[in-house]
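Novice: Input: one structure, supplied below.
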Amino acid sequence: MSNIFAAPKKKLTHDTRLILHSLDAARRGAKELYIQLPDTDVFVLAIYRYHQLCKNTHFVTGVGNKKRVIPLGPVVNALGAAKVEALPGFQAFSGADVTGRFAGKGKVMCWQVLSRMFHGGDISICCPGNF
């Protein structure tokens, strides 16, 4: 069984709703999921919730020749558990749809700082359970 959840073009508060529908599909036995929405917030939420989704979950982004299907498993494995746990907090500060920048710093600079924190620093400030 394959399920495709495509968000409407009109921007609503659909980020969380799309992930909730995906979680529900996985809970009901879906074996494969394709989450289609060119939105970084949804990508981050999908990575964060990956272990509750189907192991064969993909994020679809782009249009036409630039359309990409990204399997989430390798992304989650490459990031590691600690970064996955910190990712929603990091996204809220650095790159959420409503922020885009944090203290005048863009996403790349913020990501570099977060990555350095993983090499000897305390990243607990970025973890959702600490808010």
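The values are calculated or read from the model by the stated rules, or taken from the named source; none is laboratory data. Given the structure is predicted, the values throughout are model-derived calculations rather than measurements. Cβ: placed from backbone, ideal geometry, glycine included. Neighbour counts: every protein chain shown.
Novice: I'm checking my understanding of the structure. Among residues of the stretch 31-58 that are among the acidic types (Asp, Glu) and not in a loop (DSSP other than H, G, I, E, B), which one is nearest to ASP15 (Cα to Cα)?
Specialist: Step by step, filter the stretch 31-58, then rank; the result is ASP41.
Novice: Please go through (1) modelled with pLDDT under 85; (2) assigned to a loop (DSSP other than H, G, I, E, B); (3) out of contact with any helix residue (DSSP H, G or I) (no Cβ under 8 Å at 6 or more places or on another chain); (4) surrounded by 12 or more Cβ atoms within 10 Å (Cβ to Cβ) for ALA96 and return the number of the only condition it doesn't satisfy.
Specialist: (3)
Novice: Please go through the stretch 59-91 and give me each residue that is buried (at least 19 other Cβ atoms within 10 Å of the Cβ) and assigned to a strand (DSSP E or B), ordered by number.
Specialist: If the condition is that a residue be buried (at least 19 other Cβ atoms within 10 Å of the Cβ) and assigned to a strand (DSSP E or B), then PHE59 is the only one that fits.
Novice: Quick check on my filter: what residues within the stretch 27-47 are within 19 Å of GLN91 (Cβ to Cβ) and either touching a Lys or Arg at 6+ places or on another chain (Cβ under 7 Å) or hydroxyl-bearing (Ser, Thr, Tyr) (or both)?
Specialist: Result: THR40, single match.
Novice: Quick one: which of VAL76, VAL63, VAL113, VAL69 is at pLDDT below 90 and closer than 21 Å to PRO38 by Cβ?
Specialist: VAL63
Novice: Would you check if there is a residue in the stretch 48-58 being modelled with pLDDT under 90 and within 16 Å of GLN91 (Cβ to Cβ)?
Specialist: Scanning the stretch 48-58 turns up no residue that is modelled with pLDDT under 90 and within 16 Å of GLN91 (Cβ to Cβ).
Novice: Could you list, in sequence order, all residues of the stretch 1-26 that are at pLDDT 85 or above and among the charged types (D, E, K, R)?
Specialist: ASP24
Novice: Can you name every residue in the stretch 32-66 that is without any contact (Cβ under 8 Å) to a residue 24 or more places away in the chain and either of a type in the set (S, T, N, Q) or over 17 Å from ASN77 (Cβ atoms) (or both)?
Specialist: Hits for the stretch 32-66 are GLY64, ASN65, LYS66.
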